[in-house]
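Here's the structure, in structure tokens; my notes come after.
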There are 2 protein chains.
Amino acid sequence: MQRVEVLKSIAHPVRIRILEELLKGVKCVSDFEDFLEISQPNVSQHLSLLRRQGLIDYYMDGRLRCYFLKDPIIPDLLEILTKDYIEELPAPACCPVSKRGTYPGARKH
Amino acid sequence: MQRVEVLKSIAHPVRIRILEELLKGVKCVSDFEDFLEISQPNVSQHLSLLRRQGLIDYYMDGRLRCYFLKDPIIPDLLEILTKDYIEELPAPACCPVSKRGTYPGARKH
DNA sequence: GTGATATATGCAAATATTATTATACTTGCA
DNA sequence: TGCAAGTATAATAATATTTGCATATATCAC
């Protein structure tokens, strides 16, 4: 499943911050190095993973590599992740639809 | 970060299928056991992780545990994951906004 | 060419996740 | 009370991810 791979790529504290920054605009490796408090090789490793997954890409600018967002699912996902959800989903009305269930459906939990 | 934890919970082929099924309605453990081809303890472990994260909950019905969706972010996330994105995001117009970058911005990549 | 800057890569160690197995708990029913 | 169905938990083994470090590559300025 492609979707799971995308999710796994985003589901990391460093990579989600990288993506959030890229949502604001183009950034090069040393820009990330400044505000993420990790080593340059580690930044590169995360960027390279995101690129392997096709989520971002870069262009060369002198000796800088300028990274930018590529996969359109990213802005949508990031937006949902910042959204405030106040209410829980409504609890199911009653009685499970289960092949084994002819039980009355009394909620004891 | 809470969001990363949520993403990690969803970013697994079994758990994403569990959540998709729960989107359709209530299901008990043995229901999952049937269509996911994994062992009962493994199903329980995934369910229990999802519950620890507050994404799902259950009620007792006889000796069945009937699981249901609880966190409203799930339907939104699942929807985006099934959406078709045809176009890539537009490439950035020009020239990086980088504190080091006064480079001309020629794209050599 | 030489040196400095910007970034990537390879590999091993540390850590986290997942599946498996065996066992325990709980409920309903005879 | 005792047994079976449904499910959970604990311990462990297998696997994947992440990080740190040393080193490599590429480009620019001189």
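The values are calculated or read from the model by the stated rules, or taken from the named source; none is laboratory data. All values reported here derive from a predicted model rather than from experimental measurement. Glycine also receives a Cβ, built like all others from the backbone with ideal geometry; neighbour counts cover every protein chain displayed. Surface accessibility is based on the protein's heavy atoms, side chains included, excluding ligands, DNA and RNA. Shrake-Rupley method; radii C 1.70, N 1.55, O 1.52, S 1.80 Å.
Can you tell me how many residues in the stretch A:1-32 are of a type in the set (G, A, S) and modelled with pLDDT of 95 or more?
The number of residues fulfilling the criteria is 2.
Identify all residues within the stretch A:10-50 that are within 8 Å of DNA strand D (Cβ to nearest atom) and either of a type in the set (V, I, T) or within 13 Å of chain B (Cβ to nearest Cβ) (or both); write none if there are none.
Answer for the stretch A:10-50, where residues must be within 8 Å of DNA strand D (Cβ to nearest atom) and either of a type in the set (V, I, T) or within 13 Å of chain B (Cβ to nearest Cβ) (or both): A:A11, A:H12, A:P13, A:V14, A:R15, A:I38.
Can you tell me which residue is surrounded by the most Cβ atoms within 10 Å (Cβ to Cβ) among those in the stretch B:41-64 that are farther than 30 Å from A:L78 by Cβ and modelled with pLDDT of 95 or more?
It comes out as B:V43.
Hey, any hits in the stretch A:75-94 for a residue that's modelled with pLDDT of 90 or more, within 13 Å of DNA strand D (Cβ to nearest atom), open to solvent by less than 30 Å² (accessible area, probe 1.4 Å) and under 16 Å from the mean Cα position of the chain (by Cα)?
There is no residue in the stretch A:75-94 that is modelled with pLDDT of 90 or more, within 13 Å of DNA strand D (Cβ to nearest atom), open to solvent by less than 30 Å² (accessible area, probe 1.4 Å) and under 16 Å from the mean Cα position of the chain (by Cα).
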